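The values are calculated or read from the model by the stated rules, or taken from the named source; none is laboratory data. Since we're looking at a predicted model, the values are computed, not measured. Here Cβ is always computed from backbone atoms with ideal geometry, including for glycine, and neighbour counts include all displayed protein chains. All accessible areas refer to the heavy atoms of the entire protein, side chains included, with ligands and DNA or RNA removed. Shrake-Rupley method; radii C 1.70, N 1.55, O 1.52, S 1.80 Å.
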Amino acid sequence: AGVNKVMEKLDRNHDSGLDKSDVDAFWVQLESLLNADEVADWVIYAVQLPEYLGNIFRENSVTGYDFPELIENGGEAMQTELRIEQSSFRRKLIWHIKACLLGVGSTPTVPTKIKHKLESFSTVSFSWDKSTAESFPVHSYRIQRRAVGLHDDGDGTRKVVNSHHTADPPSTVQPLSSPPTSEWVTVYVGGECEFVDSGLELGHNYVYRAQAWNSIGRSDWVTVKISRKGSFFSVLCFVVIFVIITTMGKDVARLCQVFRGEKDHEEEGMEQLRQSLVQRKASLIPLP
């Protein structure tokens, strides 16, 4: 009975046999696990094992093609070749690998209705609708961030405006030999459908991408571009106004000090004049 269920799972076109189309459909199920980096991410985010185990799979160049061999003899190869000593980790990996090989369930749908709000020049908040999947629920979301230049499109190109009157179009897109973009950095992994990033810096726009994970695998990436040109100029105007007010305040204080000093000097002069008049008057009074 167990073998029949497995055959039914592998017989995707339901023709009571296994042919090339069934094999192709089988590998489509594993298309996101055909390189070592994808498998390492799968170990960390789908199976939810420690990151060092994902790195073991990456360092040994394990791909989805190796999955059948890894689960033979109770996962013996995991212990002897990958040096995964903890039996609970091996059992968990075997269970998830079998689910992938048998095509049980589905990977999640992409996160949808992603909304973002610039809270300040350094902080942006996100929210999105929950992803769905068959058989296995979505247990986490992964968000990555990449910094780009203020005039970049986020894909390594920069818009260049042609200021000369020629037959060329008014603007072109030219590839940059050294695009001012950073690498993708994971900034959030969690089960909540909201996230606040407070690590933004002035002088950059940012591109975010999000994916959902369940026990089978991941959804496709969905990308969100964050433009902060308006925010940057608002902050710049605020700084300029603050500097002007501060400078004016210092000038006013300086003028008050000068005025106060002149007033004190004037009072001192008047006192000296008064004393001089008193002395002169005393010298003019005849002695009895």
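Here's how it looks for ILE84: its modeled amide H is under 5 Å from those of GLN79, which are all 5 or more places away or on a different chain. So, R0 is 35 Å and r is the distance between the beta-carbons of GLU81 and LYS117; what FRET efficiency does that work out to, to 0.05? Approximately 0.10, to the nearest 0.05.
Distance between the pseudo-spin-label points of GLN272 and ASN55 (7 Å out from Cα toward the beta carbon): 8.1 nm.
How much accessible area per residue does region 36-126 have, in Å², with a 1.4 Å probe?
On the way: 4630 Å² over 91 residues.
Roughly 51 Å² per residue, with all protein chains present.
Grab the other residues whose beta carbon is less than 12 angstrom from that of VAL196, score K and R as +1, D and E as -1, and report the net. Around VAL196, the charge tally is -3.
The figure for MET78 is an accessible area of roughly 0 square angstrom, using a 1.4 Å probe on the protein chains alone. Our estimate of slack between LYS130 and SER106, defined as 0.36 nm per intervening residue step minus the Cα-Cα distance, is 7.1 nm.
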